[in-house]
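Undergrad: Pasting a structure below so you can have a look.
The values are calculated or read from the model by the stated rules, or taken from the named source; none is laboratory data. Owing to the predicted nature of the structure, the values given are computational and were not obtained by experimental measurement. Cβ coordinates were reconstructed from backbone atoms using ideal geometry, including for glycine residues, and neighbour counts include every protein chain displayed.
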Amino acid sequence: MSVSLSLLATVAGADCLESAVRERALLAGTQFANSIACDVEANPKYLVALHRWDNCSIETRDSALFVLLWHGDVGCNGGSGSYSPQVTTIRIGAGDTFFADPVLSTPVVKFPVPTHYVERVVSHGDRHLVLEFTHWHRSWLSSAERDEPDVATLELQNDGNWRLKK
């Protein structure tokens, strides 16, 4: 047993830089998004670790939780009304694999963002996201039509749904 654990630690340690962990989480989230939606925009700036995988330790592995906010047309319906912010929850699987948890991701969970486009994740905690948004993507409008960014806080509920904090 000790040989197996030391081999696991060596394999994980070789690729345990935060950038590598983020890259694998982003890949899992993006693949999930592309499997359920069209016109997906998934950007590393929208990936947050709600619960970090500290130093790739076995103790923090099961509690590690990443959230990828992405934009897309779930179900490929077309039209500007169907393109909206979505969320995918990512966990660590067997070995050094990462997977999207569909039960904790849209469209199964509610993610009530009051906009069509999130500009950035301002901050986050282990159960909340603070998002800066405009009502429409800035590139879709002329400079005269652009609205000022607004901020919304979403809290992760025990059932996996997100609630807009008022």
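Undergrad: Scan Gly72, Gly29 and give me the residue that is buried (at least 16 other Cβ atoms within 10 Å of the Cβ), modelled with pLDDT of 85 or more, under 16 Å from Gly93 (Cα atoms) and of a type outside the set (A, V, I, L, M, F, W, C).
TA: When all the criteria are applied, what remains is Gly29.
Undergrad: Restricting to the range 88-109, name every residue that is without any contact (Cβ under 8 Å) to a residue 24 or more places away in the chain and either part of a strand (DSSP E or B) or under 17 Å from Asn43 (Cβ atoms) (or both).
TA: If the condition is that a residue be without any contact (Cβ under 8 Å) to a residue 24 or more places away in the chain and either part of a strand (DSSP E or B) or under 17 Å from Asn43 (Cβ atoms) (or both), then Asp101 is the only one that fits.
Undergrad: Which one is nearest to the chain's Cα centre (by Cα), of the residues in the range 86-97 that are at negative phi and surrounded by fewer than 21 Cβ atoms within 10 Å (Cβ to Cβ)?
TA: Out of the qualifying residues, it is Arg91.
Undergrad: Restricting to the range 52-84, what's the tally of residues that are assigned to a loop (DSSP other than H, G, I, E, B) and in contact with a helix residue (DSSP H, G or I) (Cβ under 8 Å, 6 or more places away or on another chain)?
TA: Matching residues across the range 52-84 total 3.
Undergrad: Another question, if that's okay. In the range 32-51, which residues are farther than 11 Å from Ile90 by Cα and assigned to a helix (DSSP H, G or I)?
TA: Once the filter is applied, which keeps residues that are farther than 11 Å from Ile90 by Cα and assigned to a helix (DSSP H, G or I), the range 32-51 yields Ala33, Asn34, Ser35, Ile36.
Rundown of residues vs (1) surrounded by fewer than 14 Cβ atoms within 10 Å (Cβ to Cβ); (2) charged (D, E, K, R); (3) out of contact with any strand residue (DSSP E or B) (no Cβ under 9 Å at 6 or more places or on another chain); (4) at pLDDT 90 or above, yes/no style:
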position: Ala33; (1), (2), (3), (4): no, no, no, yes
position: Ala37; (1), (2), (3), (4): no, no, no, yes
position: Val40; (1), (2), (3), (4): no, no, no, yes
position: Asn43; (1), (2), (3), (4): yes, no, no, yes
position: Tyr46; (1), (2), (3), (4): no, no, no, yes
position: Ile58; (1), (2), (3), (4): yes, no, yes, no
position: Asp62; (1), (2), (3), (4): yes, yes, no, no
position: Phe66; (1), (2), (3), (4): no, no, no, yes
